[in-house]
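Below is a structure I'd like to ask you about.
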Amino acid sequence: MIVSFEDPQLGDASDELEGLGHDFACEVLLYLQRVHSKAVDHRTLLPFDTYQGVEMFHCSMGKNKFAIFAVEIDDMGDLKVTLMLAGQHGVPMQAGTSSWDGVSYSSLKAGILNARAAVWFV
Amino acid sequence: MGKLKVEASNERRSTTSAKIGSKGRGRPIADLVEKIERADPRLASAAGLSSAAMRAGDLVRAMRKDAGLSQSQLADKLGVTQARVSEVEAGIGSQGPTWDLMERISVACGKTLGVAASSDELQLAAHMPMAE
């Protein structure tokens, strides 16, 4: 299944992706479908971040727009792909009490992404 | 496709499953595709995205899981490849599975497929067989 992160405090990844434009959104969605169907083997991708064993990946288009998605595997080998976040380099983000300056990926991982992962993967 | 960049790993990792998980959380991504379809129908179609195909895929996956079948086992019952089942479940393509295929899948999963019509939309639903 392909889903998107949503939380009353921490925001909605689907809205974030749509806000970056439909062309970019379509590219990301097509890629998520390929990961979900295993046409793209996520094990050959470099994880952007890992939260307690759950791998998250970064995809981008051009210099600025990016999306982060997580991949989980269940006991039957089926994948669940979650769109965790979508943003734009140079554009700060705020989600709950966490924020991102729009520049440092380290602070994005430690801040918003970690906060979202903590409420999502339990 | 091809505009998107994703960094590749140096080597293929082994499969690992985390002890934690998102369980049933998450809004179906078909909701976003539906918004794009309404705002820009030609873009979604040209890109090969269909919210209906994705929702049908989610239904197939739910029926298969409920029946305790793997994708390969369902594929064997249908006489198709596992890759085809995987494509259907991912909602790949702008057309989605045919009604014939959906009926065959539901039968293979021990379900009965039905369509419920309301004033402004059609809803596809799978039902458990009626108790005898």
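The values are calculated or read from the model by the stated rules, or taken from the named source; none is laboratory data. Source: prediction; values computed, not measured. FYI the Cβ positions are ideal-geometry reconstructions off the backbone, even for glycines, and counts take in every protein chain you see.
Please go through (1) more than 25 Å from B:Ala30 (Cα to Cα); (2) facing another protein chain (nearest Cβ under 7 Å) for A:Pro92 and return the number of the only condition it doesn't satisfy.
If we test A:Pro92 against (1) more than 25 Å from B:Ala30 (Cα to Cα); (2) facing another protein chain (nearest Cβ under 7 Å), just (2) comes out false.
Okay, moving on. So which residues in segment A:7-22 are in contact with a helix residue (DSSP H, G or I) (Cβ under 7 Å, 6 or more places away or on another chain) and either surrounded by fewer than 22 Cβ atoms within 10 Å (Cβ to Cβ) or not small (Gly, Ala, Ser) (or both)?
Narrowing segment A:7-22 to residues in contact with a helix residue (DSSP H, G or I) (Cβ under 7 Å, 6 or more places away or on another chain): A:7, A:10, A:14, A:17-18, A:22.
Within segment A:7-22, A:Asp7, A:Leu10, A:Leu17, A:Glu18, A:His22 qualify.
A further question follows. List every residue pair whose Cβ atoms lie under 7 Å apart, where the two residues are 6 or more positions apart in sequence or sit on different chains, the first residue falls within segment A:55-84 and is at pLDDT below 95, and the second residue, located anywhere, is of a type in the set (Phe, Trp, Tyr) and not in a strand (DSSP E or B).
If the second residue must be of a type in the set (Phe, Trp, Tyr) and not in a strand (DSSP E or B), the pairs left are A:Met61/A:Phe24.
Restricting to segment A:47-64, name every residue that is more than 14 Å from the chain's Cα centre (by Cα) and more than 7 Å from every other protein chain (Cβ to nearest Cβ).
Passing the criteria: A:Gly62, A:Lys63, A:Asn64.
For segment B:59-75, indicate whether the set of residues that are at pLDDT below 90 and within 9 Å of another protein chain (Cβ to nearest Cβ) is non-empty. Full working, then the answer.
Taking segment B:59-75 as the starting set, the residues that turn out to be at pLDDT below 90 are none.
Within segment B:59-75, none of the residues are at pLDDT below 90 and within 9 Å of another protein chain (Cβ to nearest Cβ).
Out of the residues in segment B:63-112 that are β-branched (Val, Ile, Thr) and under 26 Å from A:Leu29 (Cβ atoms), state the one that is surrounded by the fewest Cβ atoms within 10 Å (Cβ to Cβ). Quick ask: steps written out before the conclusion?
From segment B:63-112, those β-branched (Val, Ile, Thr) are B:80-81, B:85, B:88, B:92, B:98, B:105, B:107, B:112; that's our starting set.
Checking the rest, the ones that are also under 26 Å from A:Leu29 (Cβ atoms) come to B:80-81, B:85, B:88, B:92, B:98, B:105.
Working: B:Val80: 16, B:Thr81: 13, B:Val85: 27, B:Val88: 28, B:Ile92: 23, B:Thr98: 10, B:Ile105: 27.
Ranking the candidates gives B:Thr98 first.
Looking only at segment B:15-30, count how many residues are more than 7 Å from every other protein chain (Cβ to nearest Cβ) and surrounded by fewer than 19 Cβ atoms within 10 Å (Cβ to Cβ). If you could, list the steps in order and put the result at the bottom.
Taking segment B:15-30 first, the residues more than 7 Å from every other protein chain (Cβ to nearest Cβ) are B:23-24, B:30.
Filter once more, keeping what is surrounded by fewer than 19 Cβ atoms within 10 Å (Cβ to Cβ): B:23-24.
Number satisfying all stated conditions: 2.
Okay, moving on. In segment B:9-32, what count of residues is obtained for those that are in contact with a Leu (Cβ under 6 Å, 6 or more places away or on another chain) and at pLDDT 95 or above?
Total satisfying the criteria: 0.
Looking at segment B:89-118, I want the residues that are in contact (Cβ under 8 Å) with a residue 24 or more places away in the chain and have a partner that is acidic (Asp, Glu) and not in a helix (DSSP H, G or I) with Cβ atoms under 9 Å, at least 6 apart or on another chain. Which pairs are those?
B:Glu89/A:Asp78
So if I check each of A:Thr82, A:Thr44, which one is among the polar types (S, T, N, Q), facing chain B (nearest Cβ under 9 Å) and crowded, with 23+ Cβ neighbours inside 10 Å?
Working: A:Thr44 fails: crowded, with 23+ Cβ neighbours inside 10 Å.
Of A:Thr82, A:Thr44, the one residue that is among the polar types (S, T, N, Q), facing chain B (nearest Cβ under 9 Å) and crowded, with 23+ Cβ neighbours inside 10 Å is A:Thr82.
Working only within segment B:31-55, note down all residues that are within 8 Å of chain A (Cβ to nearest Cβ) and either buried (at least 19 other Cβ atoms within 10 Å of the Cβ) or out of contact with any helix residue (DSSP H, G or I) (no Cβ under 6 Å at 6 or more places or on another chain) (or both).
We begin by selecting, within segment B:31-55, every residue within 8 Å of chain A (Cβ to nearest Cβ); these are B:31-33, B:35-36, B:39-40, B:43-44, B:47-49, B:54.
Listed by number, the residues that qualify are B:Asp31, B:Leu32, B:Val33, B:Lys35, B:Ile36, B:Ala39, B:Ala44, B:Ala47, B:Gly48, B:Leu49, B:Met54.
Does A:Ser37 qualify as being within 7 Å of chain B (Cβ to nearest Cβ), over 20 Å from B:Arg25 (Cβ atoms) and at pLDDT below 95?
Numbers: within 7 Å of chain B (Cβ to nearest Cβ): yes; over 20 Å from B:Arg25 (Cβ atoms): yes; at pLDDT below 95: yes.
Against the criterion (within 7 Å of chain B (Cβ to nearest Cβ), over 20 Å from B:Arg25 (Cβ atoms) and at pLDDT below 95), A:Ser37 qualifies.
Could you count how many residues in segment B:1-37 are aliphatic (A, V, I, L, M) and in a helix (DSSP H, G or I)? If you could, list the steps in order and put the result at the bottom.
Step one: of segment B:1-37, the residues aliphatic (A, V, I, L, M) are B:1, B:4, B:6, B:8, B:18, B:20, B:29-30, B:32-33, B:36.
Imposing the further condition that a residue be in a helix (DSSP H, G or I) reduces the set to B:30, B:32-33, B:36.
Adding up the residues that qualify gives 4.
For segment A:47-59, which residues satisfy the criterion of being under 26 Å from B:Arg64 (Cβ atoms) and either among the aromatic types (Phe, Trp, Tyr) or buried (at least 19 other Cβ atoms within 10 Å of the Cβ) (or both)? I'd like the intermediate steps shown before the answer.
From segment A:47-59, those under 26 Å from B:Arg64 (Cβ atoms) are A:53-55, A:57; that's our starting set.
A:Val54, A:Glu55, A:Phe57, listed by residue number.
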